[in-house]
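Asks: Quick one: this structure, given as structure tokens, is what I'll be asking you about.
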Amino acid sequence: MAAPRPGWSRRAQYGLFFSFIAAILGLAIGLILLAFSIAAPNSFKDFRGAALDGTAPITGALHQVTATVQGLASGAGDYWDAASQNGQLKRQRDAMREQLTTASAILQENRQLKAALQLREQTTEAVAAGRLVGSSYQSPRRFAILSAGKSDGVQVGMPVRAPQGLIGRVIDVGSLASRILLVSDRANIVPARLLRTGQAVISQGRGDGSVEIKPLEVGRNPFKPGDLIITSGTGGLYPPLVPLARVVRLDGDNAVALPLANPAATSFAIVEQPYEPEAMAPLSEKDKELP
Amino acid sequence: MVRSALASKQKIGQGPIPGAAYVPAASVFVGILLACLPIVALSGWFPDFGFLILIAWRLLRADVWPSWWAAPLGLLNDLVAGYPVGLSVVVWTVSMLALDLIDRRTIWRDYWIEWALAMLLILLNETVQWQVAAWMDAPVPYSAMIPPLLISIAAFPIAAWIVVRLDRWRLGRQ
């Protein structure tokens, strides 16, 4: 199709011309907005929070529907083969009970040892709990939408975890919902430790659901497939000893690992206080500087 | 026989539906809202539905909307999908302006040329997203952008088909 030709009508010619000028103006405004977004990522946080509040109820409602459908399907599946499953679960329960006794003994011993050493233990309190209802499934960045916001006490920068492991941290907050930077995002760097040896490593997302684990010390590759990575608490944002990822393969000096908390499969996520509240201080000072 | 050849298939009195001029923009809006679907994906490989529908409309017709409408629609996409504010504003407006310029140059067009143009615009969109992510401390390797790029290119004909159906419906040419 050829371009619209306005013909001899002066009005149509002007209309086309002004729409062209308006488009160029729109482009200029867009470039300015984008420059602000890149240079000062907090500049539009109120707008982004408001947009989250506008869209999160839709996502949340749709999530309820899909969760119900999935629940019906898997609920029906559970009745299948129920008798043998029951026996298996009973055996598992008995084995677990033994382990639980051992674990509680160890816990008690640990508490006594810590008291002897007079270690001050920082308890991390849960701020809010919510469901992961959506994600940035169209973009190279890895964000998720959590159904808890400012009205539940969530603030930008707080760590988010699931029972299985670390999920990420809050980067945008509306009053009803918040946006989480997942550990698999490229910009999310988590100080961590190799559980087997205690060696300090850092984890950085790869943008495709997995994370890259890099040792801090140069040397031969310390990883083995199946190794567990836990957070170290360095930096004060993420609490220590939270399970983070499991190594699946080695890659040069680094390792590729899968996060233990799969955001697609976790039903509940818990927002916690930053491990050391001072970790939030530079962030909030930076906020004040910005107009 | 002559009578049946002369008779129009179109029913008399059937014209554009009320508000036909706003159907294209409304369909782009619906495409933008698809980002609200409750999909928790590990990788961002889904196509940018709003953008696909936008370029499908613009490739089908040059007069669906004044080019500057792309700017507010892009702003909406940024806010809904959580992109850095301004990213879609820039990409969408540039796409409209680029297609305006291309319309002056091309004498004729067929489906393959339209798909090739769409491919170029999708490539532009993905590359800008990748570059902006790199500027925002998330330098994903470019190879990670190949799967979403191919998926978007493959999804364009579907968007184009939906848009053609919508166009026939809004103009009352069923």
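The values are calculated or read from the model by the stated rules, or taken from the named source; none is laboratory data. All of these numbers come straight from a predicted model, not from anything done at the bench. Using ideal geometry, Cβ is built from the backbone for each residue, glycine included, and neighbour counts are taken over all protein chains shown. Areas reflect the complete protein model, heavy atoms only, side chains present, ligands, DNA and RNA absent. Shrake-Rupley method; radii C 1.70, N 1.55, O 1.52, S 1.80 Å.
Asks: Suppose we keep only residues that are crowded, with 24+ Cβ neighbours inside 10 Å and either more than 11 Å from chain B (Cβ to nearest Cβ) or in a strand (DSSP E or B) (or both) within segment A:182-201. Which one would you say is farthest from the chain's Cα centre (by Cα)?
Replies: The qualifying residue farthest from the chain's Cα centre (by Cα) is A:VAL201.
Asks: Here is a further query. Going through segment A:189-201 one residue at a time, which ones are closer than 17 Å to A:LEU260 by Cα and touching a Ser or Thr at 6+ places or on another chain (Cβ under 9 Å)?
Replies: A:ILE189, A:VAL190, A:PRO191, A:ALA192, A:ARG193, A:VAL201
Asks: Of the residues A:ARG161, A:ARG179, which single one is of a type in the set (Lys, Arg) and open to solvent by less than 20 Å² (accessible area, probe 1.4 Å)?
Replies: A:ARG179
Asks: Being buried (at least 24 other Cβ atoms within 10 Å of the Cβ) and facing another protein chain (nearest Cβ under 9 Å) is the filter here, so list the residues in segment B:94-109 that pass it.
Replies: Hit for segment B:94-109 is B:MET96, nothing else.
Asks: Of B:VAL91, B:VAL80, B:VAL85, which residue is surrounded by 21 or more Cβ atoms within 10 Å (Cβ to Cβ) and part of a loop (DSSP other than H, G, I, E, B)?
Replies: B:VAL85
Asks: Which of the following residues is assigned by TED's automatic domain parsing to the domain that holds A:ARG179 and without any contact (Cβ under 8 Å) to a residue 60 or more places away in the chain: A:VAL242, A:VAL211?
Replies: A:VAL211
Asks: What number of residues within segment B:48-71 satisfy the criterion of being at the interface with chain A (Cβ under 8 Å from one of its Cβ atoms) and either free of Cβ contacts under 8 Å to residues at least 40 places away in the same chain or more than 12 Å from the chain's Cα centre (by Cα) (or both)?
Replies: Adding up the residues that qualify gives 7.
Asks: How many of the residues making up segment A:130-160 are in a strand (DSSP E or B), modelled with pLDDT under 90 and more than 18 Å from B:ASP78 (Cα to Cα)?
Replies: 3
Asks: A further question follows. Would you confirm whether any residue within segment B:110-124 is within 8 Å of another protein chain (Cβ to nearest Cβ), among the charged types (D, E, K, R) and either over 13 Å from the mean Cα position of the chain (by Cα) or over 12 Å from B:PHE51 (Cα atoms) (or both)?
Replies: No, the conditions are met nowhere in segment B:110-124.
Asks: Okay, next question. Only one of these conditions is not met by A:ALA61: (1) over 23 Å from B:TRP92 (Cα atoms); (2) part of a loop (DSSP other than H, G, I, E, B). Which number is it?
Replies: (2)
Asks: Considering only segment A:131-148, how many residues are among the small types (Gly, Ala, Ser) and in contact with a helix residue (DSSP H, G or I) (Cβ under 7 Å, 6 or more places away or on another chain)?
Replies: Residues that pass the stated criteria total 4.
Asks: Separate question: Please pick out the residue among A:ALA95, A:ALA83, A:ALA50 that is outside the structural domain of A:ALA187 (by TED's automatic domain parsing) and in contact with a Gly (Cβ under 7 Å, 6 or more places away or on another chain).
Replies: When all the criteria are applied, what remains is A:ALA50.
Asks: While we're here: Right, B:SER43: more than 28 Å from A:LEU33 (Cα to Cα), open to solvent by 10 Å² or more (accessible area, probe 1.4 Å) and either at pLDDT below 90 or at the interface with another protein chain (Cβ under 7 Å from one of its Cβ atoms) (or both) or not?
Replies: no
Matching residues to (1) at the interface with another protein chain (Cβ under 7 Å from one of its Cβ atoms); (2) open to solvent by 40 Å² or more (accessible area, probe 1.4 Å); (3) closer than 30 Å to A:LYS150 by Cα; (4) at pLDDT 85 or above:
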| position | (1), (2), (3), (4) |
| --- | --- |
| A:MET1 | yes, yes, no, no |
| A:TRP8 | no, yes, no, no |
| A:ALA12 | no, yes, no, no |
| A:GLY30 | yes, no, yes, yes |
| A:ALA35 | no, yes, yes, yes |
| A:ALA39 | no, yes, yes, yes |
| A:SER43 | no, yes, yes, no |
| A:GLY49 | no, no, yes, yes |
| A:THR59 | yes, no, yes, yes |
